[in-house]
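Trainee: First the structure, which I've put down as structure tokens, then a few questions once you've had a look.
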């Protein structure tokens, strides 16, 4: 399969061994690939500040805590064996790499035009619907940014959330569905009927819901999934609500390098959720909804920051 010109894969090689890096780089060059970066994990964490589609690495290169250092990415191509370029089996190995990369290109081509490179969770419970609507009304859709909306709500009201977003804001909206993505310009609504996980490449996998005696959809669960896949390219904004679902999630987001913002409790219809995060979680900003929306526009590059105009 030939990669189309309008759908380039952003590839990086992360290997500790310089000779192995050279072998992989040579194979990709022969395949017509241009690398964004070729070094070790620590150097990548310091120098790569954009979304990467494919990391080529070895399992031992990115153990546990080091994975959190990686910039946001879509796929990982794990290389259990890497020959030197002078090895007799280098040609056969290179052909295998090409076949595996072709599979990734095929998957990438199905969603690269719509998949968001940044994902933010809009988390709300009692009293949060009005606040979320106001926030979305004050922001404009962006191709690189997608929202996941987790509202503690009964299953038969989910369709109303979709209609609300479409009717009162500039954002598109859809219910999370199997094998889809978090898309730019779109608010993806999490249903209480399903848990959500992100598979390799960022595809949504719908699973069993939380038990009925727990919050549904789970804000904590969605934060953990977003943090695991999007790493530092994710965030959460917690609005009015009851309970403490989101406290653990705020820690997950922050541990991955993402941002956590809160609606100020004194502006909430029900302040328990942001108060719980303030007391027991982690956050970066706390303000009224319109201020959060303005800061989000600034953060997302909608307009020049106020301080830059002075």
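The values are calculated or read from the model by the stated rules, or taken from the named source; none is laboratory data. Everything numeric here is computed off the predicted structure, so don't read it as measured data. Please note: Cβ atoms are built from the backbone with ideal geometry, for glycine as well, and neighbour counts cover all protein chains shown.
Trainee: Working only within segment 62-84, note down all residues that are at pLDDT 80 or above, part of a loop (DSSP other than H, G, I, E, B) and surrounded by 14 or more Cβ atoms within 10 Å (Cβ to Cβ).
Mentor: Residues of segment 62-84 that are at pLDDT 80 or above, as a first pass: 77-84.
Next cut, part of a loop (DSSP other than H, G, I, E, B) only: 79-84.
Residues satisfying the conditions are 79, 82, 83.
Table: residues versus (1) outside the structural domain of residue 255 (by TED's automatic domain parsing); (2) assigned to a strand (DSSP E or B); (3) modelled with pLDDT of 60 or more; (4) closer than 28 Å to residue 184 by Cβ.
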residue	(1), (2), (3), (4)
29	yes, no, yes, no
36	yes, yes, yes, yes
44	yes, no, yes, yes
50	yes, no, no, yes
53	yes, yes, yes, yes
56	yes, yes, yes, yes
60	yes, no, no, no
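Trainee: Cβ-Cβ distance below 8 Å, separation of 6 or more or different chains: which pairs start in segment 80-97 with a residue that is in the same structural domain as residue 17 (by TED's automatic domain parsing) and end on one that is at pLDDT below 95 and exposed (fewer than 10 other Cβ atoms within 10 Å of the Cβ)?
Mentor: Note: pairs meeting the criteria are 93/81.
Trainee: Pick out, from segment 161-203, the strands (runs of 3 or more DSSP E) lying fully within it that include 1 or more residues that are surrounded by 20 or more Cβ atoms within 10 Å (Cβ to Cβ) and assigned by TED's automatic domain parsing to the domain that holds residue 138.
Mentor: Those strands (runs of 3 or more DSSP E) span 186-189, 195-198.
Trainee: Assess whether residue 136 counts as being crowded, with 21+ Cβ neighbours inside 10 Å and over 14 Å from residue 120 (Cβ atoms).
Mentor: Working: crowded, with 21+ Cβ neighbours inside 10 Å: yes; over 14 Å from residue 120 (Cβ atoms): no.
So residue 136 does not fit the description; no.
Trainee: How many residues does segment 204-227 contain that are part of a helix (DSSP H, G or I) and touching a residue at least 60 places away in the same chain (Cβ under 8 Å)?
Mentor: Let us first name the residues in segment 204-227 that are part of a helix (DSSP H, G or I), namely 219-227.
Going one step further and asking which of them are touching a residue at least 60 places away in the same chain (Cβ under 8 Å), we end up with 219, 222-223, 226.
Residues flagged as part of a helix (DSSP H, G or I) and touching a residue at least 60 places away in the same chain (Cβ under 8 Å) within segment 204-227 amount to 4.
Trainee: Follow-up. Before we move on, is residue 146 crowded, with 17+ Cβ neighbours inside 10 Å, within 30 Å of residue 200 (Cβ to Cβ) and assigned by TED's automatic domain parsing to the domain that holds residue 209? Walk me through how you get there before you give the answer.
Mentor: On the way: crowded, with 17+ Cβ neighbours inside 10 Å: yes; within 30 Å of residue 200 (Cβ to Cβ): yes; assigned by TED's automatic domain parsing to the domain that holds residue 209: yes.
In short, yes.
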